[in-house]
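Below you'll find the structure, written out as structure tokens, and then a few comments.
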Amino acid sequence: MGLKLRLYNLLVNRKRLIKHKYEAYVAMTGGKGGIKSWLYLLRLNFGYYILHDRSVSVKKLKQKLTLVPCESGEFAAGTESPEQLANRLAGYDCISFDIFDTLIFRRTAKPTDVFYFVGEKLHCPNFRKERIEAEKAARAYKHDNSGSYEVNIYDIADRLSSVTGIERQALIDTEISAEKALCLANPYMKRVWDSLLQRGIKPVILSDMYLPSPIMEQLLDSCGYSGWRELLVSCDTGKAKFDGSAYKQLKEKYPVGKYVHVGDNQRSDIENARKEGFDTVKCKNPSEGRYRTSDMSAVIGSVWAGTVNSRLHSRKTVYDKYFELGYVYGGLLIYGYCNFIDRYAREKNADCIFFLARDGSIVKEIYDKYFGGIRTEYVYWSRTAGSVISVGSFPTDFVEKYILQKVSSCDIIEKIVEEAGLSAFSAEFGLDMKAAMDERSAKKLADWVFNNRERLAKHFEPEKRAAVQYIREKLADSQRVVTVDCGWAGSGHISLSLLINEIAPCAHTFGALCGTNHAFHLNADTVDTFFADGSMAAYCFSSAHNRDLYEFHSPEMKHNLFLEMLFSSEEGSLLRFELQNGKAVPVLSDNPNSGYVRRIHDGIRQFTEDYSSIGYDFLKNISGRDAYAPFKSAVQNHLFESYNEYVYEEHIMKGVKS
């Protein structure tokens with residue numbers, strides 16, 4: 001047994017409590033604690049044996065992230081094109097490539113996370129840990145008996161089968177299937193590889209791996225690679241890059257002039273190759289850098305990080321910051337929200353889902369493509385239009401939208417009254433129309449609205465007739481409808497529900513939101529009864545669900561604004577409905593952000609395509625907490641300050657601190 005392994009057993013494995021704390025610490029640091037990890041381990045041992053510390057609490061670390069608006073560009077900085085690298089490599093007599101994180105990417109945060117998927121297929125709890133321990137035990141046994149640590153999948157499966165009771169071949173076949181599902185070609189290196197083959201150059205492949213060459217050939221083939229001169233795997237040859245013996249073997253097999261090796265590991269692929277006279281090309285590992293939050297569940301968090309890293313860190317393509325915003329922070333959220341909507345709609349036996357404009361545009365598109373089975377409609381609706389149409393039965397929302405929210409705007413009363421469509425009644429208010437709106441004036445105006453709700457309903461009747469015609473056509477014969485909106489008070493759902501109930505009194509409506517009003521909102525509990533009776537549900541947070549997110553999410557810190565960037569549409573907001581030649585027509589505002597929104601949506605589309613292609617159905621089950629976590633990390637690290645040119649409701653986002 002090697003010195004490092006003996007030391008690890010002595011300091012870590014000997015006491016379960018120390019092992020628990022240390023492994024938790026390593027997980028939080030992403031395995032990159034270095035000397036700090038060893039110091040922490042020594043402190044744990046001192047506390048346990050000398051101070052008799054038996055507490056089970058784990059040290060909490062504040063994760064430091066480096067988030068940038070154009071991550072793919074930062075990662076690719078200084079990188080030569082694939083063709084340029086191929087030209088450079090073509091000058092060597094023998095070219096060798098590493099496999100994992102060089103030719104092939106895994107769509108997981110760590111290689112061992114593949115074992116989660118094996119355990120899921122085999123219905124074996126704690127499988128990942130058992131698989132890791134089985135490999136350690138197999139290597140220790142091999143070293144004790146032969147002096148070599150090189151083992152293959154069959155050696156590991158023998159150990160694992162005795163522990164889990166699962167048949168050996170089932171373990172092997174399931175692991176191979178998981179690797180194929182989660183692996184994909186590094187697009188940058190694939191272009192380098194193809195360019196070399198076109199020149200008639202056949203590289204050699206070197207890998208320190210427990211999968212024998214026939215299995216590795218299958219994996220490479222599934223990723224589109226072919227045409228190599230030879231594939232040398234350490235478990236077959238007994239020669240590894242880790243100790244440099246693989247390079248010696250390669251030089252013996254091909255005694256030519258100049259050698260070069262391409263790989264990602266600093267020690268195995270670079271330093272050891274150079275010791276044997278090889279030139280080297282360092283391929284950046286896609287997991288390098290502190291870009292991904294760890295505040296997520298193990299499986300979903302790993303696949304999200306692996307998927308994002310594989311796309312943005314391939315160095316093949318530099319994406320713009322709006323594409324990356326959609327890909328990194330919107331894709332998982334929208335995909336998970338769609339699954340939530342699908343489950344909620346089926347639970348309510350819905351026969352139609354109304355995706356409300358504008359927030360529902362990209363949500364409907366993703367839902368229809370990856371879920372579906374229930375009729376869907378994209379419905380033009382907005383709080384602006386809804387509050388006017390429902391003023392007779394729901395005047396509170398009209399007052400909140402058009403009057404109370406304007407108190408701090410410094411606008412004059414005349415302008416506010418005009419925007420609310422109340423200019424015809426100005427003489428009745430008893431207010432100086434040229435004065436700025438203040439609390440006294442707002443209260444007086446609000447009281448007038450409440451006392452004249454029936455007159456206002458009649459005043460806005462033409463717009464309501466147009467809306468009724470429009471919604472009746474969308475509703476058709478549906479009797480159980482789920483409305484989908486981003487958030488926050490549920491006023492869009494409520495105003496639309498009131499209208500639907502007028503059109504079809506026997507119809508039932510339900511509301512699905514991404515999130516609700518936050519904990520410290522003046523009207524935080526406005527729709528709590530709707531959540532309590534199940535007629536509304538929230539995906540990410542509400543007063544009864546993920547309360548820490550409910551308290552974290554802050555409109556004052558522009559969190560609503562930032563989240564709505566991900567949900568927005570290329571079209572403008574609905575202002576009102578009109579009847580034109582007897583047909584109901586939605587009248588929309590202009591949208592200065594349409595180009596930005598298009599790129600955000602492109603990123604969301606690409607993420608959902610990449611993520612869903614993995615093929616494990618359970619990956620749809622993304623909790624609201626996991627879906628919100630990337631967005632939370634973005635606002636905590638002030639990423640949205642880089643999107644100053646994005647315009648929101650006539651205000652340019654400048655100097656916003658989240």
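The values are calculated or read from the model by the stated rules, or taken from the named source; none is laboratory data. Treat the numbers as computed from the prediction; the structure is a model and nothing was measured. Neighbour counts are summed over all protein chains in view; Cβ atoms, including those assigned to glycine, are modelled from backbone coordinates with ideal geometry. For the accessible areas, the whole protein counts, side chains as well, though only heavy atoms, and no ligand, DNA or RNA atoms are used. Shrake-Rupley method; radii C 1.70, N 1.55, O 1.52, S 1.80 Å.
Only helices enter this figure: runs of n ≥ 4 DSSP H residues, each worth -39500 (n - 2.57), summed and divided by the residues of the chain, yield -14000 deg cm²/dmol at 222 nm to the nearest 500. Computed from Cα positions, the angle between helix 594-612 and the longest principal axis of the chain comes to roughly 50 degrees.
Rg/Rh, computed from the Cα trace of segment 271-368 with Rh as the Kirkwood radius, has the value 1.18. Note on segment 357-423 and segment 116-178: Cα centroid distance 57 Å, given to the nearest whole angstrom. Across segment 306-432, the convex hull enclosing all Cα atoms gives 177 Å³ per residue. Counting only Cα atoms, the size of segment 147-246 along its three principal axes is 50, 33, 18 Å, in decreasing order.
With 26 Å as the limit on Cα-Cα distance, the pairs of Lys15/Lys121; Lys142/Lys202; Lys21/Lys129; Lys364/Lys620 that go past it are Lys15/Lys121; Lys142/Lys202. Exactly which trypsin sites (Lys or Arg not before Pro) in segment 242-278 are in a DSSP loop and have at most 13 other Cβ atoms within 10 Å? Here the sparse-neighbourhood loop sites are Lys258. Distances between every pair of Cα atoms in segment 436-552, grouped in 5 Å steps from 0 to the bin holding the largest one, split as 2, 10, 16, 16, 15, 16, 15, 8, 2, 0 percent.
I need the GluC sites (Glu not before Pro) found in segment 60-160, filtered to DSSP loop residues with at most 14 other beta carbons within 10 Å of theirs. Hits after loop and neighbour filter: Glu80. Cross-link reach is defined here as a Cα-Cα straight distance under 25 Å, omitting same-chain residues fewer than 8 places apart; for Lys464 the lysines meeting it are Lys401, Lys406, Lys415, Lys474, Lys583. Solvent-accessible surface of the chain, taken per residue with a 1.4 Å probe and all protein chains present: 44 Å². The calculated Kirkwood hydrodynamic radius for the chain is 28.5 Å, given to one decimal from all distinct C-alpha pairs. Its residue count N sets the reference 2.2 N^0.38 Å, and the alpha-carbon radius of gyration of segment 120-200 equals 1.47 times that reference. Evaluating kT/(6 pi eta Rh) at 20 °C and 1.002 mPa s, with the Kirkwood radius of segment 379-487 over Cα pairs in the Stokes-Einstein relation, gives 142 µm² s⁻¹. Farthest towards the positive end of the charge dipole of segment 384-474, among the residues Leu422, Ile471, Ser409, is the Cα of Ile471, using unit charges on the Cβ of Lys, Arg, Asp and Glu. Looking at the chain, the DSSP beta bridges with both ends there are about 30 percent antiparallel.
In order along segment 187-201, phi translates into HN-Hα couplings of x, 5, 5, 5, 5, 4, 4, 5, 5, 5, 4, 5, 8, x, 9 Hz, rounded to whole numbers, per the Karplus curve 6.51 cos²θ - 1.76 cosθ + 1.60 with θ = phi - 60° and x for Gly and Pro.
Toward the positive end of the charge dipole of the chain, with +1 on the Cβ of Lys and Arg and -1 on the Cβ of Asp and Glu, the farthest Cα among Ser390, Ser594, Ser633 is that of Ser633.
The aspartates and glutamates whose alpha-carbon is closer than 19 Å to the alpha-carbon of Lys434, local same-chain residues fewer than 8 away aside, are Asp411, Glu414, Glu418, Glu419.
When only alpha carbons of segment 193-341 are considered, Rg and Dmax amount to 19.1, 63 Å. Lysine pairs in segment 243-287 whose alpha-carbon atoms fall under 16 angstrom of each other, counting only those eight or more residues apart or on distinct chains, come to 4. Computed on the Cα trace of segment 538-618, the radius of gyration divided by the Kirkwood hydrodynamic radius gives Rg/Rh = 1.11. Straight-line cross-link reach from Lys348 at under 14 Å between alpha-carbon atoms covers these aspartates and glutamates, not counting any fewer than eight positions away in the same chain: Asp533.
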